[in-house]
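One structure is given here, and the rest of the page talks about it.
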Amino acid sequence: MAHVILGLLLLRPQSLYDLVKNFEAAVSLLYSASSGSIRRALETLLTGGLIEVDEVGPGARGRKTYRVTDAGREEFHSWMTGPMAGPDAEAAALPRLFFLGLLEPDERAEVLARVVARIENDLARLEALGEQIDAAEIPEEFRDVFRFQRTTLDYGLASHRHALAWFRELAERTPAG
């Protein structure tokens, strides 16, 4: 979540309220977060020197607006252009896609290539799992249960194939530098 917040703050300095509204309006389609989790992430980013208070509004409560520091820009860039970690390719790819326009054009192609490679790798693992499962002897009493478990894998395979075709097509349409 910290990288998503950095990306939003790179677009413009924002308050906690603004960030919550941005999560609700757009980011929630690919990443959900509560007000409390956004607040905790802001505190961590502040402590780490990745963001700073840009402005404190008038009044007793003094609404704070945050902005990204140079260290935060470097961290965001490293995350965007670095390896895609985590168990879910979609969860790793979509935030990068959302902020792809913040990178230089020549870097975008590299990020998309990493996304494609990650999806290819995950798809290969699912296909291998499917072959293992299909070769297994399923006892009669579990065949009905197995049928829906296998169908769940089929959904994952179809989803990965669609994502792979979609990201490949986007990579072809995205000019490098």
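Per the Debye calculation on the chain with a single equal scatterer at every Cα and no solvent contribution, log₁₀ I(q)/I(0) for q = 0.09, 0.11, 0.12, 0.17 Å⁻¹ amounts to -0.44, -0.61, -0.69, -1.05. Rounded to the nearest Å, what's the spacing between the alpha carbon centres of the range 1-67 and the range 107-142? Just the number, please. Centre-to-centre distance over Cα atoms comes out at 36 Å.
Which cross-chain or sequence-distant (5 or more) residues have an amide H under 5 Å from the amide H of I51, H modelled 1.01 Å from N in plane? Excluding prolines and chain starts, which carry no amide H, the hits are L46, T69.
Nothing charged except the Cβ atoms of Lys and Arg (+1) and of Asp and Glu (-1): what's the magnitude of the dipole of the range 2-81 about its Cα centre? Round to the nearest 20 debye.
Result for the range 2-81 is approximately 280 debye, rounded to the nearest 20.
Here the range 20-153 is assigned +1 on the Cβ of each Lys and Arg and -1 on the Cβ of each Asp and Glu. Its dipole about the Cα centre then comes out at about 800 debye. Around the amide H of R63, modelled in the peptide plane, lie the amide H atoms of G57, all under 5 Å away and 5 or more residues distant in sequence or on another chain.
Let a ≥ b ≥ c be the square roots of the eigenvalues of the Cα gyration tensor of the range 2-81; is it rounded (a/c under 1.5), or, if not, prolate (a/b larger than b/c) or oblate? Note, shape of the range 2-81 comes out oblate. Each stretch of four or more DSSP H residues adds -39500 (n - 2.57); spread over every residue of the chain, this sum gives -22000 deg cm²/dmol at 222 nm.
Values quoted throughout were computed directly from the atomic coordinates according to the rules given, and no laboratory measurement underlies them. A quick note: this is a predicted structure, and the numbers were derived from the prediction, not measured. All Cβ positions, glycine included, derive from the backbone under ideal geometry; neighbour counts span all protein chains shown.
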